[in-house]
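The values are calculated or read from the model by the stated rules, or taken from the named source; none is laboratory data. The shown structure was predicted, so the numbers you read here are calculated from the model rather than taken from an experiment. Every residue, glycine as well, gets a Cβ built from its backbone with ideal geometry; the counts of neighbours run over all protein chains shown. Just the protein is used for accessible areas: all its heavy atoms, side chains included, with ligands, DNA and RNA removed. Shrake-Rupley method; radii C 1.70, N 1.55, O 1.52, S 1.80 Å.
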Amino acid sequence: MPQSSSHSALRLTALHLYPIKSAAGLAPTTWDVDGFGLRHDRRWMVVDSAGRMISQRTHPRLALVRPAIDDGTLRIETAGMPALELPLAPAPTVTTPATIWDDTCAAVWTGERPARWFSDVLETDCSLVYMPETTVRPANANYAPPGHRVSFADAFAFLLVSEESLADLNGRMAAPLPMNRFRPNLVIAGCAPFGEDALGPFRIGALEFRVVKPCDRCVLTTTDQVTAERGLEPLRTLATYRRWDGKVYFGQNVVHEGTGRLAVGDPLVT
């Protein structure tokens, strides 16, 4: 891989994973990377009665669902409900098709108890499904090289955002917003604002990464991840300087090669 001193100060400053698609995330200081991406990232998804994805786009209360991972268990909490505990590797007792965007893939139905729990929280008929290791959902082949898979993430294994890009955006708004509005997996620092747009292949530790596509942003970014309330920002401000092709962009989608472990503070080598 080519080396460069121009990005020698680049470093990983935060890791985020979201075990349940569109629910709250975790921010470990170190974490394993498997074939899907960050281990356990978006391996679970809430689906409607037809097996279609439910996300914060239509159900912002998902932001208030807070998972935790401990000792082989996924623990899920939200205000006013008893905690729900599930195994990290559900037995494939009942499989069901699950649809995310235009992709339909085989998933494991996690049972009646999680279905009732999420139906009560979201006030709609729904259930929770899990993507097993045996399911291979290809990443978007229009951008990712062949052989890359993705979990229930929108299209790619990783989303990368720089601290400098968020600082630039916050400098243009009346009230700053936290990074969690953009739900990245990898947060970096040490570049100019939107320096991630110009990143070529890079390495963190033993893992190799490739930027494949700018991330176009949706209404989810306007959802306060603590209260689930909606506003106009950041889309209103981003549209004044980060809009092209009819979409607003912030962050970069990234794919990876191999497995390994990432730690906050690791340098990025380009």
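Highest-first packing order for the peptide set 196-203, 247-254 is 247-254, 196-203, based on the mean count of other beta carbon atoms within 10 Å.
Packing, taken as the mean count of other beta carbons within 10 Å per residue, orders the peptides 163-172, 237-246 from highest to lowest as 163-172, 237-246. Both numbers refer to the Cα atoms of the range 160-254; Rg and Dmax are 13.5, 41 Å. Put simply, the chain fits an ellipsoid with semi-axes of 30, 22, 17 Å; these come from the alpha carbon gyration tensor as the roots of five times its eigenvalues, largest first.
Computed over the range 60-111, the percent of Cα pairs more than 12 Å apart is 71. Dipole magnitude for the chain: computed about the Cα centre from +1 point charges on Lys and Arg Cβ and -1 point charges on Asp and Glu Cβ, it is near 360 debye.
Ordered from largest to smallest accessible area (heavy atoms of protein chains, 1.4 Å probe), the residues 218, 191 come out as 218, 191. A simple spin-label model places the labels of residue 27 and residue 143 2.5 nm from each other, with each point 7 Å out along Cα-to-Cβ.
Inter-label distance, residue 79 to residue 207: 3.4 nm, where each label sits 7 Å from its Cα along the C-beta direction. Taking other residues whose beta carbon is less than 12 angstrom from the beta carbon of residue 54, and scoring Lys, Arg as +1 and Asp, Glu as -1, yields +1. Distance distribution P(r), the range 123-164, all Cα-Cα pairs, bin width 5 angstrom from 0: 5, 18, 21, 17, 14, 12, 8, 4, 0 percent. Taken per residue, the accessible surface of the chain reaches 44 Å², heavy atoms only and a 1.4 Å probe. Taking each residue as 0.36 nm, the span from residue 102 to residue 88 lengthens on full extension beyond its C-alpha to C-alpha distance by 2.4 nm. Remark: the range 14-57 projects, on average over all directions, an area of 3.6 nm² (convex hull of Cα atoms).
Of the solvent-accessible surface of the chain, computed with a 1.4 Å probe over protein heavy atoms with every protein chain present, carbon and sulfur atoms account for 52 percent.
Take every pair of alpha-carbon atoms less than 8 Å apart whose residues are at least six positions apart; their mean separation over the length of the chain yields a relative contact order of 26 percent. Modelled this way, with points 7 Å down the Cα-to-C-beta line, the labels at residue 52 and residue 226 are 3.4 nm from one another. Where a ≥ b ≥ c are the square roots of the eigenvalues of the C-alpha gyration tensor, would you call the range 3-95 rounded, which needs a/c under 1.5, or, failing that, prolate if a/b is larger than b/c, or oblate? Here the range 3-95 falls in the prolate category. Could you give the angle, 0 to 90 degrees to the nearest 10, between helix 112-122's Cα long axis and the longest principal axis of the Cα atoms of the chain? For 112-122 against the chain, the angle is about 60 degrees.
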